[in-house]
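Nothing in this text is a laboratory measurement; each read-out follows from the coordinates by a stated rule. These figures come from a predicted structure and were not determined experimentally. Every residue, glycine among them, receives a Cβ derived from its backbone with ideal geometry; neighbour counts consider all protein chains shown.
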């Protein structure tokens, strides 16, 4: 059960930033005992893959801070983030971690099930994120997008680490973050839809 919750936290983190959970899982599995990947997922520790993901992370972080470019980036990431969510859910739910000594074999009956679940979770988080960003940019004249993007990057890293060491707390944090994100989206959308007052003659 904890392995499944770990997967939920990791895929939620991938919905915010595709590369952060992939890199952290790969690095922690390669250099520490916090994560022990099963043989089917050991390719995540490959140094060339991690270097490539690091480069993509830099591009993603920069692009997501520029108004208008961030919206284009979100369109591109509609495929990338859910795919990353599927990978980290599959890898995380089957791994030994700081919190999970013996991964459950409940998901072993269907190898694709955890991947599909991870794709759907990451896609849901991504769609909420990408739909909120234009409203935030309009409501704050582009300034809010930079702040929100930085918070999302930090939340992705924090969620990944929590999912690996305290998965239940990660699940609670994900739910709380989604509730806050929906409220911020509604508030920003209301602001962006307000009519602009006409200048007085």
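What to note about this one:
- In the chain, Cα pairs under 8 Å separated by at least six residues give a relative contact order of 35 percent.
- GNM flexibility winner over the chain from 71, 95, 33 (Cα, springs under 10 Å): 33
- This ranking places 127, 171 by how few other beta-carbon atoms lie within 10 Å of each, fewest first, which gives 127, 171.
- Reported to the nearest whole Å, the Cα centre-to-centre distance from the stretch 160-182 to the stretch 1-29 is 11.
- Sequence of 152, 47 once ranked by neighbouring C-beta atoms within 10 Å, starting from the fewest: 47, 152
- Per-residue ellipticity at 222 nm, computed for the chain from helices alone with -39500 (n - 2.57) per DSSP H run of at least four residues, works out to -25500 deg cm²/dmol.
- Sites residue 127 and residue 31, calculated FRET efficiency, Cβ-Cβ separation with R0 45 Å, nearest 0.05: 0.85
- Folded to 0 to 90 degrees: helix 47-63 orientation relative to the chain principal axis, Cα: 10
- Exposure proxy shown here: for 41, 48, 112, the number of other Cβ atoms within 10 Å sets the order, fewest to most, as 48, 112, 41.
- Protection proxy ranking of 53-66, 80-93, by the mean of other Cβ atoms within 10 Å over each peptide's residues and highest first, is 80-93, 53-66.
- Pairwise Cα inverse-distance average, inverted: Kirkwood Rh of the chain (Å): 17.2
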